[in-house]
Amino acid sequence: MGNRLSKIYTRTGDDGTTGLGDGSRTQKDSLRVEAYGTVDELNSTLGLLIAAMGNDGIASVLLDIQHDLFDLGGELCVPGMEMIQDRHIDRLEKELDRLNADLPPLKDFILPGGSLTAAQAHLARTICRRAERRVISLARQEPVNEPVIRYLNRLSDLLFVIARTVARASGAGEVLWNHERER
């Protein structure tokens, strides 16, 4: 287990740097910090989604994903660490297949919304896509465990399917893009 913080402020970041998990320091706006910071933002957004859902099966799946994201962020914070594996991606794919089986095929684009929880799932999806882009940028400069990118890619797909699922379950339904609307 890592170090425990006995006090929250250390003043060590006042110069614009932050400590990585291996003890080294880097700029707070480095690609690595951007990547794990965006994963942290995604994890926080999933916390909001879980709180809005209450106690349901999807919330339980999302809680497992939060744990994965904490590991993934830790992996990005400690250069060279590898925690996310193919089995994590397999679990996402199984959940994707399970939830998608009950949904009608897409015939139109869907706008974010339908219900509060569906909108929150769409927000999480867009933050996940940004996290994926940040990790890809990092991977161009430094080694990154390859399953991390696939995990984030698959997670954004799952969040889209979750948004569709909860929108339909709420009774509000999905909001379809009307390309023929009057502009």
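Inspect the range 89-98 for any residue being surrounded by 11 or more Cβ atoms within 10 Å (Cβ to Cβ) and in contact with a Gly (Cβ under 9 Å, 6 or more places away or on another chain) and give the result as yes or no. Within the range 89-98, not a single residue is surrounded by 11 or more Cβ atoms within 10 Å (Cβ to Cβ) and in contact with a Gly (Cβ under 9 Å, 6 or more places away or on another chain). Scanning the range 77-87 for any residue that is part of a helix (DSSP H, G or I), farther than 14 Å from Leu152 by Cα and not aliphatic (A, V, I, L, M) turns up at least one such residue. Checked against the criterion of being within 30 Å of Arg181 (Cα to Cα), touching a residue at least 60 places away in the same chain (Cβ under 8 Å) and more than 14 Å from the chain's Cα centre (by Cα), the range 63-86 contains not a single residue that satisfies it.
Rundown of residues vs (1) surrounded by fewer than 19 Cβ atoms within 10 Å (Cβ to Cβ); (2) more than 19 Å from Ala139 (Cα to Cα); (3) modelled with pLDDT of 95 or more, yes/no style:
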site: Arg4; (1), (2), (3): yes, yes, no
site: Thr10; (1), (2), (3): yes, yes, no
site: Gly13; (1), (2), (3): yes, yes, no
site: Gly21; (1), (2), (3): yes, no, no
site: Ser30; (1), (2), (3): yes, no, no
site: Thr38; (1), (2), (3): no, no, yes
site: Leu49; (1), (2), (3): no, yes, yes
site: Gly73; (1), (2), (3): no, no, yes
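Applying a threshold of 6 Å to beta carbon distances and a minimum spacing of six or more residues, or different chains, the list of pairs starting in the range 115-134 at a residue that is at positive phi and among the aromatic types (Phe, Trp, Tyr) and ending at one that is modelled with pLDDT of 95 or more and in a helix (DSSP H, G or I) is empty.
Of everything listed in (1) more than 22 Å from Ala51 (Cα to Cα); (2) open to solvent by 70 Å² or more (accessible area, probe 1.4 Å); (3) touching a helix residue (DSSP H, G or I) at 6+ places or on another chain (Cβ under 7 Å); (4) not hydrophobic (A, V, I, L, M, F, W, C), the single unmet condition for Pro112 is (1). Just one of the listed residues (Pro143, Pro105) is part of a loop (DSSP other than H, G, I, E, B), open to solvent by 90 Å² or more (accessible area, probe 1.4 Å) and either more than 26 Å from Met53 (Cα to Cα) or among the aliphatic types (A, V, I, L, M) (or both), and it is Pro143.
Any residue in the range 167-175 that is open to solvent by less than 50 Å² (accessible area, probe 1.4 Å), touching a helix residue (DSSP H, G or I) at 6+ places or on another chain (Cβ under 7 Å) and either aliphatic (A, V, I, L, M) or closer than 20 Å to Met83 by Cα (or both)? The answer is yes, given that some residue of the range 167-175 is open to solvent by less than 50 Å² (accessible area, probe 1.4 Å), touching a helix residue (DSSP H, G or I) at 6+ places or on another chain (Cβ under 7 Å) and either aliphatic (A, V, I, L, M) or closer than 20 Å to Met83 by Cα (or both).
Results for (1) touching a Ser or Thr at 6+ places or on another chain (Cβ under 6 Å); (2) assigned to a helix (DSSP H, G or I); (3) within 18 Å of Ser44 (Cβ to Cβ), shown as yes or no for each residue.
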| position | (1), (2), (3) |
| --- | --- |
| Ala121 | no, yes, yes |
| Ile127 | yes, yes, yes |
| Ile149 | no, yes, no |
| Ala172 | yes, no, no |
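Within the range 76-98, the residues that satisfy the criterion of being more than 15 Å from Val148 (Cβ to Cβ) and in contact with a helix residue (DSSP H, G or I) (Cβ under 7 Å, 6 or more places away or on another chain) are Glu93, Glu95, Leu96.
The values are calculated or read from the model by the stated rules, or taken from the named source; none is laboratory data. Keep in mind the model is a prediction, meaning the values are calculated, not measured. Neighbour counts run over all protein chains shown; Cβ positions are idealised from the backbone, glycine included. Side chains included, ligands, DNA and RNA excluded: accessible areas come from the protein's heavy atoms. Shrake-Rupley method; radii C 1.70, N 1.55, O 1.52, S 1.80 Å.
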